[in-house]
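Colleague: Let me begin by handing over the structure; questions about it come next.
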């Protein structure tokens with residue numbers, strides 16, 4: 001396990017040279033090994049180790065997630081692999097995937113750092129990009145206002161429209177070219193959640209008005225609220241752009257960008273150093289909006305469905 005920790009610490013050090021906002025602590029093998037141990041302790045975890053000349057030079061670990069949304073799956077999470085030579089990921093996966101396929105686990109996911117060699121190796125295993133994790137520093141100068149839009153904090157009087165907007169994103173994700181299998185809740189469920197959550201001070205919600213009508217919303221919070229951005233992917237003192245949606249008939253007027261800027265301005269005002277967000281890469285709206293606001297991809301969630 002200690003050798004795996006050193007390999008992961010080396011990988012993270014290389015990763016941070018390109019993305020210095022990522023947490024420095026995991027460049028220490030004694031810290032990195034805790035992430036490897038956590039990956040190994042997940043129920044059903046298995047994998048492969050590469051030994052060359054009597055030395056361990058790579059490892060790969062994966063485990064299933066008990067959720068029907070992901071299919072009969074196995075996940076290689078952020079700390080799930082590290083190699084000296086990126087090409088050897090292909091050998092490690094070839095060995096581990098033999099057993100996963102025999103177990104009937106045919107939907108494979110891998111969360112891979114933004115490293116060209118590793119991405120190329122995974123792509124040549126038949127994986128494609130599905131989801132992006134990204135970060136940017138908070139703005140040094142606040143973004144200005146948009147004259148045609150009023151962006152303000154949400155209030156209890158906005159609960160009904162917030163509930164409607166809550167459904168807009170999953171509905172959009174179910175369409176082409178995303179085709180997400182995620183469930184879309186009911187308006188009644190969304191209303192009940194917003195009635196309870198509107199006063200939760202750990203989340204900051206903004207709405208955008210156009211001609212007196214609320215057309216979109218965004219939500220900011222501490223990144224610690226997100227289990228999807230932990231460990232190696234959790235920068236120090238980071239905020240999280242956790243949600244944003246604009247009604248379809250109001251797209252194209254700049255509301256999404258204004259709402260993203262509002263979260264960035266808020267994060268700077270309250271003292272965060274950076275902001276993290278994520279998006280489906282097949283979502284044509286968010287995959288263009290967030291990079292245009294300066295978010296730089298740090299991790300790639302890749303996907304492969306066996307037998308097709």
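Colleague: Which whole-number percent gives the relative contact order of segment 2-126, counting Cα pairs below 8 Å spaced six or more residues apart?
Modeller: Dividing the mean separation by the residue count of segment 2-126 yields 23 percent.
Colleague: Along Cα→Cβ, 7 Å out, is where each label goes; now give me the distance between the ones at residue 124 and residue 1 in nm to one decimal.
Modeller: With each label point 7 Å from Cα toward Cβ, the separation is 3.4 nm.
Colleague: Quick one: helix 255-270 against the long Cα principal axis of the chain, what's the angle to the nearest 10°, folded into 0 to 90?
Modeller: That helix lies at roughly 80 degrees to the long axis.
Colleague: Express in nm, to one decimal, how much length is gained between residue 249 and residue 67 on full extension, taking 0.36 nm for each residue of separation and deducting their alpha carbon distance.
Modeller: 62.2 nm
Colleague: Angle check, please: helix 2-18 long axis (alpha carbons) against the longest principal axis of the chain (alpha carbons), in degrees 0 to 90, nearest 10.
Modeller: 40
Colleague: Relative contact order for the chain: what percent, with Cα pairs under 8 Å and sequence separation of 6 or more?
Modeller: Numbers: 566 pairs, mean separation 66.9, N = 308.
Computed over the chain, the figure is 22 percent.
Colleague: Of the beta bridges DSSP finds with both residues in segment 38-165, what % are antiparallel, to the nearest 5?
Modeller: In segment 38-165, DSSP labels about 75 percent of beta bridges as antiparallel.
Colleague: Tell me, what is the FRET efficiency for residue 191 and residue 52 to the nearest 0.05, using R0 = 51 angstrom and their Cβ-Cβ distance as r?
Modeller: About 0.30, to the nearest 0.05.
Colleague: Something else now. By how many degrees, 0 to 90 and rounded to 10, does the Cα axis of helix 159-173 deviate from the longest principal axis of the chain?
Modeller: The answer is roughly 40 degrees.
Colleague: At 7 Å along the Cα-to-beta-carbon direction for both residue 198 and residue 164, put a label point, then send me their distance in nm to one decimal.
Modeller: 1.5
Colleague: So, one more: Suppose we keep just the DSSP beta bridges with both residues in segment 176-275; what percent of those would be antiparallel, to 5? The partial results should precede the final answer.
Modeller: Values: 15 of 17 bridges.
For segment 176-275, the DSSP antiparallel bridge percentage is about 90.
Colleague: For a paramagnetic label modelled at 7 Å from the Cα of residue 237 toward its Cβ, which residues of segment 140-164 fall within the zone defined by backbone nitrogen distances under 19 Å?
Modeller: Hits in segment 140-164 for residue 237 at 19 Å: 140-142.
Colleague: Next question. What residues of segment 38-58 lie in the reach of a label at residue 230, counting those whose backbone N is under 11 Å from a point 7 Å from the Cα along Cα→Cβ?
Modeller: Output list for this probe position: 38-39, 42.
Colleague: Can you give me the Cα centroid spacing of segment 159-182 and segment 214-249 in angstrom?
Modeller: 16
Colleague: Would you work out the relative contact order for segment 189-287, in percent, from Cα pairs under 8 angstrom that are 6 or more residues apart?
Modeller: 25
Colleague: Taking springs between alpha-carbon atoms closer than 10 angstrom, which of 133, 108, 146 fluctuates most in the Gaussian network model of the chain?
Modeller: Maximum fluctuation in the GNM of the chain, among the listed residues, is at 146.
Colleague: Something else about it: Computed over the Cα atoms of the chain, what is the convex hull's projected area averaged over all directions, in nm²?
Modeller: Dividing the Cα hull surface by four gives the mean projection, 16.6 nm².
Colleague: Once you have a ≥ b ≥ c as the square roots of the Cα gyration tensor eigenvalues for segment 137-296, tell me rounded if a/c is under 1.5, and otherwise prolate or oblate according to whether a/b is larger than b/c. Before the final figure, lay out each step's value.
Modeller: On the way: a/c = 1.25, a/b = 1.14, b/c = 1.09.
Cα axes put segment 137-296 in the rounded bin.
Colleague: Also, I was wondering about something else. Divide by every residue of the chain the summed helix terms, -39500 (n - 2.57) for each DSSP H run of at least 4, and state the resulting mean residue ellipticity at 222 nm, rounded to the nearest 500 deg cm²/dmol.
Modeller: Counting only the DSSP helices, I get -10500 deg cm²/dmol.
Colleague: Which whole-percent values make up P(r) of segment 2-126 when all C-alpha to C-alpha distances are grouped in 5 Å steps starting at zero?
Modeller: 2, 11, 21, 24, 21, 13, 6, 1, 0
Colleague: Over the chain, what is the percentage of antiparallel beta bridges among all DSSP beta bridges, to the nearest 5?
Modeller: Among the beta bridges of the chain, antiparallel pairing accounts for roughly 90 percent.
Since every read-out is calculated from the coordinates, none of them should be taken as a lab result. Being a predicted model, the structure only gives us computed values, none of them experimental. With ideal geometry, Cβ positions are generated from the backbone for all residues, glycine too; neighbour counts draw on all protein chains shown.
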